[in-house]
Structure formats: C-alpha cells, structure tokens
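The values are calculated or read from the model by the stated rules, or taken from the named source; none is laboratory data. This is a predicted model, so every value here is computed, not measured. Note: ideal-geometry Cβ built from the backbone for every residue, glycine included; neighbour counts use all protein chains shown. Quick note on the areas: whole protein, heavy atoms, side chains included, nothing else; ligands and nucleic acids left out. Shrake-Rupley method; radii C 1.70, N 1.55, O 1.52, S 1.80 Å.
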Amino acid sequence: MRFALVLLAVCVLACTGPPPGSPAAAAAQQPAGAGRPEPVRLWQDASIFKLVGELIESAHRRVLVEVYELGRADLVLSLGARRAGGLDVRVITDPTVVASRQSADWLDRLGVAERVYPVDDGRHQIDHVKLLVADGEAVVGGMNWGAHSDRNHDYALETRVAAEVDRVAAIFEQDWALAGGRPAPLAPIQGEVAQTAPGEEIRTMLEGRLATARMRVLAEVYTLTDPAVIAGIALAKRRGADVRVLLDPNQPYNRHGYALLRAAGVDVRWYPVPRGTLLHAKIGLFDGTLVLGSANWTLSGLGANHELDIETADPEAVAAFAFRFTADWARSVGG
C-alpha cells in the first residue's frame, strides 16, 4: 500500500507544476540552490511554492516542516516520497485547522512522522509558524501551505546563514519535543531569528526596530491592532521618518488601527486585494533592516500564539522588498 502511495506521489509531482507564465514559473528558472550564492533571498507570492517544492525534492538528509495550514496535496505527496527515500522527514501542524488535520492523517499513511502542536485553548492560542528546514537551508515567512494560499500576497525569506538555520532548526526540535510531551523551551536570545510563546522575542525585535528607525518604516501587514506597535509607528513618523503602511481591507480589526495611524499623520492605505485573495504579509522595512514572518502585529501574534520571525539587512532582500512596496503603494488607496 505504501509503495503504491509513493508511486502516486512520483507521478503527481512529475506531472504537475505552475502553469507557464504564472508568478511561480517566472520567479525561479533553476533548481533551488543552483547558481544562487547569496546567503539569503526574499521570495514573494506564488513563487514561494516553487522554492518550497524544489527544496523538498533536492534535500538529501532532512526535511523539517512546521506550518499552520497544510493543505497542498503536491507538498504532502512530496514529503511522503522523500521519507520513502530514507530522509528524516518530520512535520508539525496546528490542530485547529481542518486541512492540516486531514493532511496529518495522509502523512501517517505515507509513513511520515507527524505531531500536532499542543495549543493552549485557554489562551486561544494557535501554532502559526511557517517553517521549512531542508538540509542546510531554511525558509521562514508568512505564507500558509493551503490549497489556495498561492493566491495571496505574501513573503518568505530563504536563508543559508548557518547560525539562522541552526536556530530555526532548534526551534523546530523544541516544538517537536513539546508535541511529544517533553517540553524543553529554548532560552530567549537576541538575534536574527525570533519566536513568540515561549517568550516575546518577536515583540522585542519589532519594537526595537521601530524605536531606532530614523529614515523609513515601510510595512505591509495583514492585521495591525497592537497598541504598542501602533504607538511606535506614530513615534517614528513624529521623528521625521518616511512612514507608510499598507493594510488588508478585508480585516475589520484593521479599521481602528487605520484610524489611529491617520490621526497621527501616518500615511496608511488599503491594499487592493482581488476577490478571494488576501494581503497576508507581516513584513516591515526599518531603515535598512527587514523583519518578516508569521506574526501579525497584534496582541495574540506578539504574545499568545506560537510564531516565528526573522530579520535581515541583506541589501538585495531589502532592495527587493522596497521595489515591491513602491509598486504596491502606487496602486493602493487611502481614505
């Protein structure tokens, strides 16, 4: 039975892929890792799944996945095929998402080790992390692996920086142990990788970058409601920085934050999402440092949920976001 499932996986993966001319097809013409010496790279929108698929397929030793929503059949089958090839393949999912529960059952049938993150229902917690570790590379960002997530506007950072890969891998092992009933939370640190619950490393990172920004704060955020973050954005504007914020118009919670920012003189606009899509990003550029990941700029995202963010000052990643932000800003609306 397992052989038949793996054979099906190989067939599906060989016969499917992004359509010609799609964002995924245009974004990556070479296999992940080929001809790209840069230590980090910023990926956007549907091209993120091109990266994820190639990293899973090209891995030789390990594939570690922790993701809030897992609903893409191609990726589930690919994980099964890699496990059948003898790799260390492990997956952590959130139990509150129907698609993730269904995918977890499928992974079991494919022989892939999977565990469910033990969320704290009393705190209305979720495991909101979006993480892939493939050998010596990692991908951290805001994109879910849902059946229709590729429609959304989002970002992910691919990193080969050893210290960053080691840290996110350690966070995965922390969560794997917790999901197995052996809690061993990592000690909080200040670095390029930050988590929430345990600790508030992401809040520290985000508020710290806001407090020191002098030239610019450019942000695209799915949900922005945290009072301290809103105040920090307003203060950056008061210091004379170029502060511009794009929000998703479909989130009613954003309307209060939008009004507060406008009252403080901050330039804020609604991102023009097509029907059935989201501005799902959680990303900010603070002078020359980019911060992105899974955490919404909310009380739950910075305090209750399990989240994962990463920051980089890589010039190419910064330039890529600044270029995309300029285009997004130009076609967004205020008022």
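For the subset of the range 188-201 comprising residues that are over 17 Å from the mean Cα position of the chain (by Cα) and within 17 Å of residue 165 (Cα to Cα), which member is least open to solvent (accessible area, probe 1.4 Å)?
191
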Filter result for residue 115 (under 21 Å from residue 300 (Cα atoms), open to solvent by 10 Å² or more (accessible area, probe 1.4 Å) and touching a helix residue (DSSP H, G or I) at 6+ places or on another chain (Cβ under 6 Å)): no
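Working only within the range 88-111, note down all residues that are acidic (Asp, Glu) and either at pLDDT below 95 or in a helix (DSSP H, G or I) (or both).
Of everything in the range 88-111, those that are acidic (Asp, Glu) and either at pLDDT below 95 or in a helix (DSSP H, G or I) (or both) turn out to be 105, 108.
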Every residue from the range 285-335 that is under 19 Å from residue 130 (Cα atoms), over 15 Å from the mean Cα position of the chain (by Cα) and among the polar types (S, T, N, Q): 298, 300
Residues satisfying the stated conditions in the range 240-255, i.e. over 21 Å from residue 301 (Cα atoms), open to solvent by 30 Å² or more (accessible area, probe 1.4 Å) and part of a loop (DSSP other than H, G, I, E, B): 240
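Here's the yes/no breakdown for (1) part of a helix (DSSP H, G or I); (2) in contact with a His (Cβ under 6 Å, 6 or more places away or on another chain); (3) among the acidic types (Asp, Glu):
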{"position": "122", "(1), (2), (3)": "yes, no, no"}
{"position": "140", "(1), (2), (3)": "no, no, no"}
{"position": "164", "(1), (2), (3)": "yes, no, yes"}
{"position": "172", "(1), (2), (3)": "yes, no, no"}
{"position": "178", "(1), (2), (3)": "yes, no, no"}
{"position": "202", "(1), (2), (3)": "yes, no, no"}
{"position": "233", "(1), (2), (3)": "yes, no, no"}
{"position": "236", "(1), (2), (3)": "yes, no, no"}
Matching residues in the range 43-62 - criterion: being surrounded by 23 or more Cβ atoms within 10 Å (Cβ to Cβ) and assigned to a strand (DSSP E or B): 43
Unmet criterion (only one of (1) under 24 Å from residue 38 (Cβ atoms); (2) open to solvent by 60 Å² or more (accessible area, probe 1.4 Å)) for residue 124: (1)
